[in-house]
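Structure, as structure tokens:
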Amino acid sequence: MDKVEQSREVAERLQQRGRLTSEQLELVRRRQHRLRISQHRAVVDLGFASEEETWQELAGASGLEFVDLCNYTFPPGLPDERLFPARLVHHHRMLPVAFTDDSVRAAFVDPPRQSELSNLRLLLNRRVDPVLITPSCYQGVIRQHFGLGADTLLRLDEDTTPEDRGADAVFDLGLTEDDAAVSAGITRYVDQLLADAVRLGATDIHIEPYFARIKLRYRIDGVLQTVRAPDGLRQVYGAMVSRLKIMAGLNIAEKRVPHDGRISMRTEREEYDLRVNVVPTKHGEAVCLRILGRQSLMLELQELGLDPDQEALLRDLTRLPQGMVLLTGPTGSGKTTTLYAALTQAYDEGRKIITIEDPVEYQIEGVVQIQTRDEVGLSFASGLRAVLRHDPDVVLIGEIRDVETAEIAVRAAQTGHLVFSTLHTNDSVYAITRLIEMGIDPFLLGSTLSASVAQRLAQRVCRHCAEPDPELPREVRREMAGVLGLPEDEIRASRGRGCVECGQNGTRGRVAIYEFFVMSEEVADLLGAELKTGQLRAAVRARGWRSLRDHGWRKVHQGLIPASEILRLTHRVRQGLD
């Protein structure tokens, strides 16, 4: 039975075990034929079964043993250019599990063909006993031991001469067409870097040069994670930055000033925009790439993770004839996604919607969208003045950054427009005192602000390895019991023990936590220039307001978020000294 026939059995085996329905099996087959990929990859791509479960079935269909090597280390002395060259690891996508004088036990990502095993037997002068591992496990091992893209730099090293790799030459690699092999190698490495970040769900890529090394990090689920850079990246770093600057339409010759640009890229599933920021440092140019998934920004309200009463409230806010709705939170907390979902809900043929953004992150059909351009005088404030003369019903302001924009936004909400915007504050209550501090009249604010919404994105407990958390601190259990109104012995929390699916992290994906403050006449009467944030927070809490931390504990009790994540997101410095 060849590899193609073996892979075709995987989805059928999963269906026989009750993991796939007949409809899902048909979708798998259609994807398999349309994209000309193996059936097991189609199953994982569609999310119908976990990678580990699918590869276990693939191993069974292929007559191979499945092994978990996510905590793998190479056998002593390997890889060795004479016994087991590193290029074999990259080319055949395999890892040596055990090595003896007459045999090698090798773990493959895909079931090897007989001809492949025969070639390896000749190359290694040993019998090859194959087993199977998941692609995520293999890629994690490769990144840890060799660094991201090590196979690409290995080929690049083989294709260039020592003169090409000299200290003076490397900085100009890729800027001319004299060495096509080097240029192609750098292009492959940059493409591999971007594809790897997208595959892992990263929102940012940080590339930082130092004297003897390059530091590479991804921001995944809101936390920076170090990715090992391969040996040799420092020597071609200038060429890599030049490649990124070319893709972003920047001046590759200017290395003394910061640059901002944009790259559009497409994968099999989705289109992405990458915001590129380059800053000069002592050891070269540092690069930060923000990855914006166009499709992922467009969610329906029911996909945001709102509690049922919060979802109903946000729907009501989008139907208001006038007023102002503010979203607050730090960069990367999902404010733009929530704003776009609210705009989609607010849209109908009887309303004109205009946005002014920096940048326009997703184009919405039927909505007039304006990109700010400070260099020609089109700021949020000046653009908003022009927008209000364009007879809108709903206005979205990307961000209230200054007093002038805040004053115009409040005036627009007072004169019959529904205004959505964002503000950088810690919570929904502080948005009020922040606007008062900026000079907005408290009485005017009380009559125009409809609601402010704070949000955060918390790491989700991996659904594949979730288990009860036996180490929940007593003070946390007590606090949760008080917030949820439950006895302490009924408090539940989950954590992930770590598995192939989550890269041994215990978390995978994120969940939004929302905190709503709705303006009422009683609260509006309290507003004044001398009002303190603590006084206002105590007053609204007495009227039913609940903080982000309170809403977070509810999701902890539901098993969606680990308790440690709420403690991280809402960390409070202890008052006083012990």
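The values are calculated or read from the model by the stated rules, or taken from the named source; none is laboratory data. Fair warning: this is a prediction, and the values are worked out from it, not measured in the lab. Here Cβ is always computed from backbone atoms with ideal geometry, including for glycine, and neighbour counts include all displayed protein chains. What goes into the accessible areas is simple: the full protein's heavy atoms, side chains included, and nothing from ligands, DNA or RNA. Shrake-Rupley method; radii C 1.70, N 1.55, O 1.52, S 1.80 Å.
Annotations
- Filter result (part of a helix (DSSP H, G or I) and more than 23 Å from Leu64 (Cα to Cα)) within the stretch 7-27: Ser22, Glu23, Gln24, Leu25, Glu26, Leu27
- Subset of the stretch 190-232 [assigned to a loop (DSSP other than H, G, I, E, B) and either surrounded by 21 or more Cβ atoms within 10 Å (Cβ to Cβ) or not hydrophobic (A, V, I, L, M, F, W, C) (or both)]: Gly201, Tyr210, Arg213, Asp221, Gly222, Arg228, Ala229, Pro230, Asp231, Gly232
- Considering the conditions (1) in a helix (DSSP H, G or I); (2) surrounded by 21 or more Cβ atoms within 10 Å (Cβ to Cβ); (3) within 23 Å of the chain's Cα centre (by Cα), Leu384 is excluded by exactly one of them, (3).
- Taking the stretch 100-119 as the range and being within 39 Å of the chain's Cα centre (by Cα) and either open to solvent by 30 Å² or more (accessible area, probe 1.4 Å) or over 16 Å from Phe74 (Cα atoms) (or both) as the test, the residues that pass are Arg105, Val109, Asp110, Pro111, Pro112, Arg113, Glu116, Leu117.
- Scanning the stretch 294-324 for residues that are in contact with a strand residue (DSSP E or B) (Cβ under 6 Å, 6 or more places away or on another chain), more than 23 Å from Lys555 (Cβ to Cβ) and either at pLDDT 95 or above or not in a helix (DSSP H, G or I) (or both) yields Leu320, Gln322, Gly323, Met324.
- Where helices (runs of 4 or more DSSP H) sit wholly within the stretch 398-451, those with at least 3 residues that are surrounded by fewer than 19 Cβ atoms within 10 Å (Cβ to Cβ) occupy 403-414, 442-448.
- Condition check for Leu95: closer than 21 Å to His40 by Cβ, more than 28 Å from the chain's Cα centre (by Cα) and modelled with pLDDT under 85: yes
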